[in-house]
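The values are calculated or read from the model by the stated rules, or taken from the named source; none is laboratory data. Here the structure is a predicted model, which is why all the values come from computation and not from measurement. Note: ideal-geometry Cβ built from the backbone for every residue, glycine included; neighbour counts use all protein chains shown. The accessibility values were calculated without ligands, DNA or RNA, using every heavy atom of the protein model including side chains. Shrake-Rupley method; radii C 1.70, N 1.55, O 1.52, S 1.80 Å.
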Amino acid sequence: MPKGTISVGIEIDSQSIRAAKIACGKSTAPGAMRMLLVEEITGTFTKDEEIIEGLGNLRQKLSIGSTDTVVTCVGGKQAYAAQLNFRKMPDDEMKTALKFEIRKNLSFDTAGATVEYQFLAEPPQKNDPAPVIVTAVANVLLQRTLRLFEKAGIPPTIVDVFPLVVANANWSATTAGNGAAEAVTVLHIGPDYSTLVIDGAAAPFYNRTIYFSAAELFGATAGEGLAAREIERRITGFTEEINRSITFYEGTYKAKTAAGPIMVTGTFCLPELLAKITQDIGLATSIITIPGIERPNAAQHSERFNIAITLGMRGCA
């Protein structure tokens, strides 16, 4: 097949590797993309050799070929994404200026980071600032990711930054893209940490990583060695951080968040946890469902694959 006709989105966390293989259409119209396969490999994926083996198994299961577009993402403390207002400059000057601007917000040194950017709109006047999304990834994390995929025989074409993937999953579901001024709150709940994103058609992009280990409380060894009071304390701390983030966003950006549901995705979108979020914050939750892509069976609608599907769709763009 010609290069680019097949896209494979791959998401990795400490407990599983998920992938979606998509046949790209000749247009971006609904139904132009077709889901071929989804696959999830479970286990422990914290060491390099475990990830390489898991990716190798995935390559065989999905028959990932050398001409397929492979898209993955990186997140956590060594990845950063934010929206700024900035004046357009030549590319080299722009990246240097952005590194200087964001350095105080990073937990890693900008000298050892890869910075990229994308303007969201044209400036009102030639030298006026305009909204721009800037991302930064520590080179040590980026190089490790590239090395692991290359050793597994599936070098990635695109490496995205996780908060943007979470935002894109929601935009793909057309919940944030309704033209409303109010920003939508999106929450990805993973095994080791959660990613909160607030974004809207006429509101600034914001994200935050919340270090809440859902796997310790709801995973295979849930609650081992933890008293009921400690479990309750951790969950309450989690919902307080979500509420604090929404309050911070509204106060800092002077932008109102939607009174509608918090859009959720991830492997730990469990009813009891979502009910607690609603109880403590006062907002309903709704699990993201990505339409506009033909699927061979209903099982592939699972929210577990939303990130992998979003990555796969990115490779078709």
If Leu187 satisfies all but one of (1) open to solvent by less than 20 Å² (accessible area, probe 1.4 Å); (2) at pLDDT below 95; (3) in contact with a Leu (Cβ under 7 Å, 6 or more places away or on another chain), what's the number of the condition it fails? (2)
Could you say which residue among Gly260, Gly282, Gly292 is more than 22 Å from Glu216 (Cα to Cα), surrounded by fewer than 16 Cβ atoms within 10 Å (Cβ to Cβ) and at pLDDT 90 or above? Gly282
Just checking, which of Lys126, Lys104 is part of a helix (DSSP H, G or I), over 20 Å from Ile287 (Cβ atoms) and either open to solvent by 30 Å² or more (accessible area, probe 1.4 Å) or modelled with pLDDT under 95 (or both)? Lys104
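Residue-by-condition table, conditions (1) loosely packed, with under 15 Cβ neighbours inside 10 Å; (2) assigned to a helix (DSSP H, G or I); (3) in contact with a Leu (Cβ under 7 Å, 6 or more places away or on another chain):
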| position | (1), (2), (3) |
| --- | --- |
| Thr239 | no, yes, no |
| Ser245 | no, yes, yes |
| Tyr249 | no, yes, no |
| Thr252 | yes, yes, no |
| Ala255 | no, no, no |
| Val264 | no, no, yes |
| Cys269 | no, no, no |
| Leu273 | no, yes, no |
| Lys276 | no, yes, no |
Please name all residue pairs, on different chains or six or more residues apart, with Cβ atoms under 7 Å, provided the first residue is in segment 99-110 and is at positive phi and the second residue is open to solvent by less than 60 Å² (accessible area, probe 1.4 Å) and of a type outside the set (A, V, I, L, M, F, W, C). none
Looking at Leu142, Leu196, can you tell me which residue is at pLDDT 95 or above, hydrophobic (A, V, I, L, M, F, W, C) and touching a Leu at 6+ places or on another chain (Cβ under 6 Å)? Leu196
Selection within segment 44-58 - of a type in the set (D, E, K, R) and over 13 Å from Glu150 (Cα atoms): Lys47, Glu50
Residue that is nearest to Met35 (Cα to Cα), among those in segment 75-98 that are in contact (Cβ under 8 Å) with a residue 40 or more places away in the chain and surrounded by 20 or more Cβ atoms within 10 Å (Cβ to Cβ): Gly75
Testing Phe45 on (1) free of Cβ contacts under 8 Å to residues at least 24 places away in the same chain; (2) buried (at least 18 other Cβ atoms within 10 Å of the Cβ); (3) in a loop (DSSP other than H, G, I, E, B), one condition comes back false. Which one is that? (1)
Go through (1) at pLDDT 95 or above; (2) assigned to a loop (DSSP other than H, G, I, E, B) and name the single condition Thr221 misses. (1)
